[in-house]
Amino acid sequence: MPFYHKLGKIPPKRHTQFRKEDGSLYSEQLFGTIGFDGMSTNSYHEQRPTQVKAIRKQYSVAPKIAKANHIQSYRLRGFQVKPEADYLQSRKTILTNSDCSIILAAPQQSTKDYFYKNSDADELLFIHKGTGKLRTHLGNLDFKYGDYLVIPRGVIYKIDFDTEDNRLFIVESRRPIYTPKRYRNWFGQLLEHSPYCERDLRRPYELETNNESGDFLMKVKKQGDIFEMIYASHPFDVVGYDGYNYPYAFSIHDFEPITGRIHQPPPVHQTFETDAFVVCSFVPRLYDYHPDSIPAPYNHSNIDSDEVLYYVDGDFMSRNDIEVGHISLHPAGIPHGPHPGAAERSIGKTKTEELAVMVDTFKPLQLTEEAMKIADEDYFKSWLPHEA
Ligand SMILES: [Fe+2]
């Protein structure tokens, strides 16, 4: 997605005859976004990718909203989400708006008997625990702790886990997920001031090409429903493709922090952008080096965006009583800041080992029933002196 990639075999000229050894034609598919204006990939299939045999089931997986309108800060204990065997069933939407959904999942098993496709949204999977392989119709990516996996809408995938102990933080985005525009030049190349470059972005490296006919179950998410579709040809039957629209991986450990003499604002941590939210990575880094600096952040009013912080590892200097796997939600409209004592505690510190993922949404987030199961409803009082 961030730059041109080619995998497998393709003909020298697009939209021309590309034949198998037996003389028959490979089936070409343009896999594009935003009409014909967005990024696209041109893929070549063993069989026509259009062969729907049956649509067996349709059911809603839309989140149930518990608090639509609110102005309260919350702490959510993410690791209290219960592990479940099945990947799709394990995904619990906790926060949502019309642009995106934030999901926690602790899947125990690989997807075995179905393929999955999200036709509504790009998916960003952050791997908090677990290793394995993301298998897609456009090739495979290995993953481990700290990886972001960006899966553009429409990519057909399976996910294989090496063990049962997996924790994922997922953002579904109805707006395309891009690398920030200000990091790129007018050709799209990542610039010198970008905290990562093309070498840090891992592209699919192996194709699974199956020329099989039969009954292949694909679970397609569309408009909040899952449709169980039966295809007559194996969904992983691509012999080659090229273009810009494909899944890729980026490790949070490869994000190079930008530091300064005084406290740097959150945009220096930005990793991905959409026109509806941003994703930032807070990584181990040296603290501010002005002799009078206060490394803890100042109080701030995110007047027009909700701030979601997912705590991954390390000690969170600005917060009291925050553990790995917790989420803080600081809603738009009211200020928040360091907990009592945190600013003083930070003075003189030279570095932090904190690791966290932040999602700032431009529209308010609604809390779901799944969120309320893991919510600390008293968190909003945690800035009072007696809570210090
Ligand atoms: Fe904040």
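The values are calculated or read from the model by the stated rules, or taken from the named source; none is laboratory data. Because the structure is a prediction, the values reported are computed rather than measured. Quick reminder, even Gly has a Cβ in these numbers, built from the backbone with ideal geometry, and neighbours come from all protein chains shown. These accessible areas exclude ligands, DNA and RNA; they are computed on the full protein's heavy atoms, side chains included. Shrake-Rupley method; radii C 1.70, N 1.55, O 1.52, S 1.80 Å.
Computed from backbone phi with θ = phi - 60° and the Karplus coefficients 6.51, -1.76 and 1.60, the 3J(HN,Hα) list for region 241-254 is 7, 8, x, 10, 9, 7, x, 8, 10, 9, 8, 4, 6, 9 Hz; x is used for glycine and proline.
Peptide packing: for 187-195, 54-62, the average count of neighbouring Cβ atoms within 10 Å per residue gives the ranking 187-195, 54-62, highest mean first. Ligands, DNA and RNA are left out, and with a 1.4 angstrom probe the accessible area of the chain is 46 Å² per residue.
Can you work out D for region 21-89 in µm² s⁻¹ from Stokes-Einstein, where Rh is the Kirkwood radius over C-alpha pairs, the temperature is 20 °C and the viscosity is 1.002 mPa s?
My calculation gives 117 µm²/s for D.
Across region 175-310, counting alpha-carbon atoms alone, Rg and Dmax equal 20.9, 69 Å.
Out of residues 5 or more away from T271 or on other chains, whose amide H comes under 5 Å of its own, with H placed 1.01 Å from N in the peptide plane? Answer set, sorted by chain and number: V279, C280, S281. Take every Cα-Cα pair in the chain and report what % of them are more than 27 Å apart. Tail of the P(r) past 27 Å holds 51 percent of the pairs.
For H326, the residues whose amide H sits under 5 Å from its own are G78, Y311, ignoring neighbours fewer than 5 places away on the same chain, with H placed 1.01 Å from N.
Calculate what fraction, in whole %, of the accessible area of region 258-381 sits on carbon and sulfur atoms when a 1.4 Å probe is rolled over the protein chains. Mind dumping the intermediate values first?
Working: 2970 of 5390 Å².
Taking all protein chains in place, region 258-381 shows 55 percent carbon and sulfur surface.
A Cβ-based charge dipole, computed about the Cα centre of region 224-294 with Lys and Arg at +1 and Asp and Glu at -1, lands at about 340 debye. To the nearest Å, what is the center-to-center distance of region 72-114 and region 314-378, using C-alpha atoms only? A separation of 19 Å, based on Cα centres. Taking only the Cα atoms of region 258-381, the ratio Rg/Rh comes out at 0.95, with Rh defined as the Kirkwood radius.
Taking Cβ atoms as reference points and 15 Å as the exclusive limit, the residues near H253 contribute a net charge of -3, counting Lys and Arg as +1 and Asp and Glu as -1. Ordered by 1.4 Å accessible area with all protein chains kept, E256, E21 run largest first as E21, E256. Note on the chain: dipole from Cβ charges, positive end direction compared against T361, T131, T274; the farthest Cα belongs to T274. Taking all C-alpha pairs of region 96-209, those more than 23 Å from each other amount to 34 percent.
Straight Cα distances below 28 angstrom link K351 to the lysines K129, K144, with same-chain residues fewer than 8 positions distant left out.
Taking amide H as placed 1.01 Å from N in the peptide plane, E28 has its amide H under 5 Å from the amide H of H45, each at least 5 places away in sequence or on another chain.
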